[in-house]
Amino acid sequence: MKSLVEHVLVSTTPQGRPLVVERSGHRWIVATEPLRWFERTAWWERQRRMPRGQGCIDVEVWRVQVRLGRNPNSDLATMDLERDPTDGGWSLRLAA
């Protein structure tokens, strides 16, 4: 299964842990302790060549469970977030 990405805004703690995900005009609040790991990235699928001077082979991934807004009755949703190692931006992984 190939994964696609959608760019999202993520607010984090000073240590970099996601707190809020803003997607399509909605705020999703992280409701449980997120899980973080690193993966080897297939950089050649996104770029023609490796950026000069950067060993961009690992990508940081966070799995978060979120609720829509501050509604405690909102169902939990699971999102896999990927942080861009070059600019610090965030993407949401979407299954294709």
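The values are calculated or read from the model by the stated rules, or taken from the named source; none is laboratory data. This is a predicted model, so every value here is computed, not measured. Here the Cβ is made from the backbone with ideal geometry for all residues, glycine too, and neighbour counts use every protein chain on show.
The residues of segment 65-96 that are in a strand (DSSP E or B) and more than 13 Å from Glu22 (Cα to Cα), listed by number, are Gln65, Ala77, Thr78, Asp80, Glu82, Arg83, Arg93, Leu94, Ala95.
Scan segment 28-38 and give yes if some residue there is without any contact (Cβ under 8 Å) to a residue 24 or more places away in the chain and either within 13 Å of Asp80 (Cα to Cα) or in contact with a helix residue (DSSP H, G or I) (Cβ under 7 Å, 6 or more places away or on another chain) (or both), otherwise no. Scanning segment 28-38 turns up at least one residue that is without any contact (Cβ under 8 Å) to a residue 24 or more places away in the chain and either within 13 Å of Asp80 (Cα to Cα) or in contact with a helix residue (DSSP H, G or I) (Cβ under 7 Å, 6 or more places away or on another chain) (or both). Applying the criterion of being aliphatic (A, V, I, L, M) and buried (at least 16 other Cβ atoms within 10 Å of the Cβ) to the residues of segment 67-96, the residue that is nearest to Thr32 (Cα to Cα) is Met79. Every condition in (1) assigned to a strand (DSSP E or B); (2) at pLDDT below 90 is met by Arg27 except one, and the failing one is (2). Look through segment 30-73, keep the residues that are at pLDDT 85 or above and among the polar types (S, T, N, Q), and return whichever of them is nearest to Arg93 (Cα to Cα). Step by step, filter segment 30-73, then rank; the result is Gln65.
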